[in-house]
Amino acid sequence: MTQRSDIGWRVVEASFETSAAASDGYPVPGPPEIAVAGRSNVGKSSLLNAFCGRRGLARVSRTPGRTRLINFFAVRLRGPGDDLPLRLVDLPGYGFAAADRTTRESFGPMVEGYFSQRATLCGLLLLVDSRRDFGAAEFELLEYMSKRQLPALVCATKIDKLKASERGLVARRLAAKLGVPSKDILLTSSQDRIGLGDDARAGGLAADIATLARGTSS
Ligand code: GTP
Ligand code: MG
């Protein structure tokens, strides 16, 4: 897990680079990569779009299983006196209810291949729906990152679906499961632009992503 940071950062450039099913299609290793992972339909592609301020950047759908390939996006963050190029990697979701059992229970070869082969992976945004709990898959991904000594940030998504009075509980509940302080769980809504760091002083996701990409916890 990574400690959350409060320094003002924002996205100044974001573009789609390429889609790939396996390592031979990945872009040439370059800037640090932050993987965006989570169950199907949790809101990965929506968060990426909202974060980058580009509605159609990644494809979004009501139907789970929308993202079928690994999608690489080139992003440039601007912070206090510093520009930071990185890649955001939108992964296909897992746990897709309509998939057959073996497909449903596994991340699939695409996601596993990315995590096991990509040396430029430097951090994980693990998305979990605010109304759900961590499952085995989420723990597996966190464990994998911890084994590689890479940081992970948990984002609780679709927080707009909960009443204001219920929102604080989400962070406490998820944090307790991981044994971390509740401030380490980022509450987000792509729909209502919560937690995305629009207010430079409020930190939010941009500052956290900068921290992941720089591989420091400050
Ligand atoms: P896969 O690519 O299938 O793994 O899904 P995904 O995790 O990329 O989810 P996606 O961004 O495609 O969003 C799935 C559905 O959730 C869409 O109908 C979105 O409009 C909706 N959604 C995403 N984020 C939010 C949010 O912050 N609030 C609400 N209310 N709905 C959201
Ligand atoms: Mg998607």
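Only the coordinates and a few stated rules stand behind these numbers; no lab work does. Only a predicted model underlies this, so the values are computations on that prediction, with no experimental measurement involved. Note: ideal-geometry Cβ built from the backbone for every residue, glycine included; neighbour counts use all protein chains shown.
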Along Cα→Cβ, 7 Å out, is where each label goes; now give me the distance between the ones at Ala21 and Ser61 in nm to one decimal. 1.6
Towards the positive end of the charge dipole of the chain, with charges on Cβ (+1 Lys, Arg; -1 Asp, Glu), say which of Ala171, Ala137, Val89 has the farthest Cα. Ala171
Modelled label-to-label distance, Ala176 and Met110, 7 Å Cα→beta-carbon offset: nm? 3.7
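State whether the stretch 154-213 is rounded, prolate or oblate according to the following rule on the C-alpha gyration tensor (a ≥ b ≥ c being the square roots of its eigenvalues): a/c under 1.5 gives rounded; otherwise a/b larger than b/c gives prolate, and the remaining case gives oblate.
The shape class here is oblate.
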What ranking of Leu162, Leu121 emerges when the number of other C-beta atoms within 10 Å of each C-beta is taken as an exposure proxy, fewest first? Leu162, Leu121
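How do Ser190, Ser165, Ser182 line up, fewest other C-beta atoms within 10 Å first? Mind dumping the intermediate values first?
On the way: Ser190 23, Ser165 7, Ser182 15.
Fewest-to-most Cβ neighbours within 10 Å comes out as Ser165, Ser182, Ser190.
Using Cβ counts within 10 Å as a stand-in for footprinting exposure, how do Glu166, Glu138, Glu17 rank, fewest first?
With the sparsest Cβ surroundings first, the list reads Glu166, Glu17, Glu138.
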Under the rule of -39500 (n - 2.57) per DSSP H run of 4 or more residues, summed and divided by the residues of the chain, what mean residue ellipticity at 222 nm is obtained, to the nearest 500 deg cm²/dmol? -8500 deg cm²/dmol
How large is the dipole of the chain about the Cα centre if only Lys and Arg carry +1 and Asp and Glu carry -1, each at its Cβ, rounded to the nearest 20 debye? 560
Run the reach check for Lys44 against lysines, Cα to Cα strictly under 20 Å, same-chain hits fewer than 8 apart removed. What comes back? Lys158, Lys161
Normalised Cα Rg of the chain, dividing by 2.2 N^0.38 Å with N its residue count, works out at 0.93
